[in-house]
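Following: one structure in structure tokens, then a few remarks.
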Amino acid sequence: VQLQASGGGLVQAGGSLRLSCAVSGLTFNRYDIAWFRQAPGKGREFVAVISRSGSSTSYADFAKGRFTISRDNANSTVNLQMNSLKTEETAVYYCAATSTYGYYTLTRTYDYWGQGTLVTVSS
């Protein structure tokens, strides 16, 4: 199983980035996919999750209204569009897959993790 996160980079505060997660080695439409992030010296925190059908999404409070998670089941990819980025959102962003229902904000819920992509937001 592989989750390959990409799309990170350097962006100015107020700017936008689109992250992608390419998934292989599992039956994609049987897994909910989430994004987490981990800032330097901090724990990994939940950002957003999308259901296996794509019909349901959930966001952390800080992401509501600025971030959008989407998926393409035909191509086994999940995207995270991030707008109005803030300097404090500098972090490594990870995608993760779970076949378990519920408890989506907890890292232990997830079966598989990608390697992460670094997002740096400058002032």
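The values are calculated or read from the model by the stated rules, or taken from the named source; none is laboratory data. Since this is a predicted model, take the numbers as computed values, not measurements. All Cβ positions, even for glycine, are placed from backbone atoms using ideal geometry, and neighbour counts span all protein chains on display. In case anyone asks, the SASA skips ligands and DNA or RNA and just uses the protein heavy atoms, side chains included. Shrake-Rupley method; radii C 1.70, N 1.55, O 1.52, S 1.80 Å.
A few comments on the model shown:
- FRET E, pair Ser16, Ser53, Förster distance 22 Å, beta-carbon r, rounded to 0.05: 0.25
- Extending 7 Å from Cα along the Cβ direction at Arg30 and again at Ala74 yields two label points whose distance is 2.3 nm.
- Alpha-carbon Debye profile of the chain, log10 I(q)/I(0) at 0.13, 0.16, 0.17 Å⁻¹: -0.44, -0.68, -0.77
- Overall, the chain carries a charge dipole of about 40 debye about its Cα centre when +1 sits on the Cβ of Lys and Arg and -1 on the Cβ of Asp and Glu, all other atoms neutral.
- Estimated at 0.36 nm per residue, the fully extended path between Ala60 and Thr105 surpasses their Cα-Cα distance by 15.4 nm.
- Tyr112 accessible area, 1.4 Å probe, all protein chains in place, Å² to nearest 10: 80 Å²
- Annotation for Ser84 and Leu118: the two label points, set 7 Å from Cα along the Cα-Cβ direction, are 2.8 nm apart.
- Computed over protein heavy atoms with a 1.4 angstrom probe, the accessible surface ordering of Asp32, Asp61, Asp72, largest first, is Asp61, Asp72, Asp32.
- Computed over region 1-73, the Cα gyration tensor eigenvalues convert (square root of 5λ each) into semi-axes of 22, 15, 13 Å, ordered from largest to smallest.
- Most mobile listed residue (Arg44, Arg108, Arg71) in the chain, GNM with C-alpha springs under 10 Å: Arg108
- Surface composition of the chain: carbon and sulfur atoms hold 46% of the protein heavy-atom accessible area at a 1.4 Å probe.
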